[in-house]
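**Student:** Have a look at the structure that comes next, please.
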């Protein structure tokens, strides 16, 4: 059986992103396209997402004009391509609190958000440090934290402490502390709902950006190469990569980095009229393809 | 483009703006922990002590600011933000009543956003070195 349909939905992109930011040590090696995507999980009576992107009103102009981010489209338009609306989303898993993953929570009025408590508490701790430590705050939008207060008061913020199984049937959360951020997490979908699944998928947030992070530069002689940016340690990133790869039985194509442009080479996809790519990783039993 | 005097004002006043943003962030962070039921949220959290200290520094910096005509609106928004954030901060001295803190805090944060819009050189989020993008002109 296939329990869930899984789509990677592009909502913006940086056409020329330096490889050194994506793969540790690749300095002066040119650029590649960096898509911004979120994941949709549909099945078993649930509609869920992994991350929600950023709020264009708050960040779009600066990101477009100064940082080269192009083609942002709102969730209503992006999700509309597969026939759903933001209001349909009941569950959101936030892999980490950077604004481009958590910055659009207000567009999902009916969703309950899952986030590691450590991600919040360590940011708060960071804020108590002297100004010379401000590098540790990068990527965080205080407005997102204010919105999270509202979520919590509405009972729509679940602070997770470590791993948690079956948040939805077959969907597990795994802590990846002190890696890309203090309290990152990745999401596993056991798509046959089996405890020892033979059809697992990992949605890794920014624990990996590209296939090279998972298998190195030579697929015939694989190695783990961490991403170019770790708030925690490269060691922790590598050990979590091993954990993620093991959880999908060694098939790295089932570890899905949302910023990986080359997912299109591995799975069916299509480009929308707005120029955004939809990649279809899996189709639940009885579900119609959204890319053919 | 801004004139030389305004450019000087921008450089001199970035610290005040950043400090107020930091105070707002510290308060927001504590509020979300409190609202989520975290045991870490308390009126004695180190972030709150640091916020009070930073707020005093920001007020000193703000009072030293001499805005040009071009910078006048920015300065007004910063002053309003400081008043609101100060009000939010005072509300933390007693019991942790979320509403009483959140309302002025939100208003103060909105004023900071307006201040950022009113003059170049003031960013609400530090995108620099963030993993989301690379400043144009540095990537080639």
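Read-outs throughout are calculated quantities, based only on the coordinates presented, and are distinct from any laboratory measurement. The model shown is predicted, which means the values in this text are computed figures rather than measured ones. For neighbour counting, all protein chains shown are included, and Cβ atoms are generated from backbone atoms with ideal geometry for every residue, glycine included.
**Student:** Do me a favour and compute the ellipsoid semi-axes for chain B from its Cα gyration tensor, root of five times each eigenvalue, largest one first, whole Å.
**Tutor:** 29, 19, 12
**Student:** For the stretch A:1-80, calculate the relative contact order in percent as a whole number, restricting contacts to Cα pairs under 8 Å that are 6 or more residues apart.
**Tutor:** 36 percent
**Student:** Another question, then. In whole percent, what relative contact order does chain A give with Cα contacts below 8 Å and a gap of six or more residues?
**Tutor:** About 22 percent, as a whole number.
**Student:** If you build a Gaussian network model of chain A, linking Cα atoms that sit under 10 Å apart, which residue out of A:115, A:168, A:266 swings the most?
**Tutor:** A:266
**Student:** Rounded, prolate or oblate: which one fits the stretch A:137-291, using the alpha carbon gyration tensor with axes a ≥ b ≥ c (rounded when a/c is under 1.5, else prolate when a/b beats b/c, else oblate)? Working shown, then result.
**Tutor:** Numbers: a/c = 1.34, a/b = 1.14, b/c = 1.18.
It comes out rounded by the Cα gyration axes.
**Student:** Please rank A:254, B:44, fewest neighbouring Cβ atoms within 10 Å first, as an exposure proxy.
**Tutor:** Fewest-to-most ranking of A:254, B:44: B:44, A:254.
**Student:** For the pair residue B:97 and residue A:129, what calculated FRET efficiency results from E = 1/(1 + (r/R0)^6), where r is the Cβ-Cβ distance and R0 = 25 Å, to the nearest 0.05?
**Tutor:** 0.40
**Student:** Ok, one more. Considering Cα pairs under 8 angstrom that are at least six residues apart, work out the relative contact order of the stretch A:62-148 and quote it in whole percent.
**Tutor:** The value is 25 percent.
**Student:** At what distance in nm do the modelled label points of residue A:220 and residue A:88 sit from each other, each positioned 7 Å from its Cα along Cα→Cβ?
**Tutor:** Each label point is offset 7 Å from its Cα along the Cβ direction, giving 4.5 nm.
**Student:** Counting each DSSP H run of 4 or more residues in chain B as -39500 (n - 2.57), what helix-only mean residue ellipticity at 222 nm follows after dividing by all residues, to the nearest 500 deg cm²/dmol? Before the final figure, lay out each step's value.
**Tutor:** Numbers: 4 runs with 91 residues, N = 140.
For chain B, the value works out to -23000 deg cm²/dmol.
**Student:** While we're on this one: Suppose each label sits 7 Å from its Cα in the direction of the beta carbon; what would the residue A:253-residue B:5 distance come out to in nanometres?
**Tutor:** Distance between label points: 6.7 nm.
**Student:** Given the options B:37, B:29, B:121, which has the most mean-square fluctuation in a GNM of chain B, springs set between C-alpha atoms less than 10 angstrom apart?
**Tutor:** Highest fluctuation among the options: B:37.
**Student:** Further question: Compare A:95, A:279, A:31 in a GNM of chain A, Cα atoms joined below 10 Å, and give the one with the largest fluctuation.
**Tutor:** For chain A, modelled as a Gaussian network with Cα springs under 10 Å, the answer is A:31.
**Student:** While we're looking at this one, here's another question. With a ≥ b ≥ c the root eigenvalues of the C-alpha gyration tensor of chain A, is it rounded (a/c under 1.5), prolate (a/b larger than b/c) or oblate? If you can, show how the numbers build up before the last one.
**Tutor:** Numbers: a/c = 1.19, a/b = 1.08, b/c = 1.10.
It comes out rounded by the Cα gyration axes.
**Student:** In deg cm²/dmol, rounded to 500, what helix-only [θ] at 222 nm does chain A give when every DSSP H run of at least 4 residues adds -39500 (n - 2.57) and the total is split over its residues?
**Tutor:** Helix contribution divided over all residues of chain A: -6500 deg cm²/dmol.
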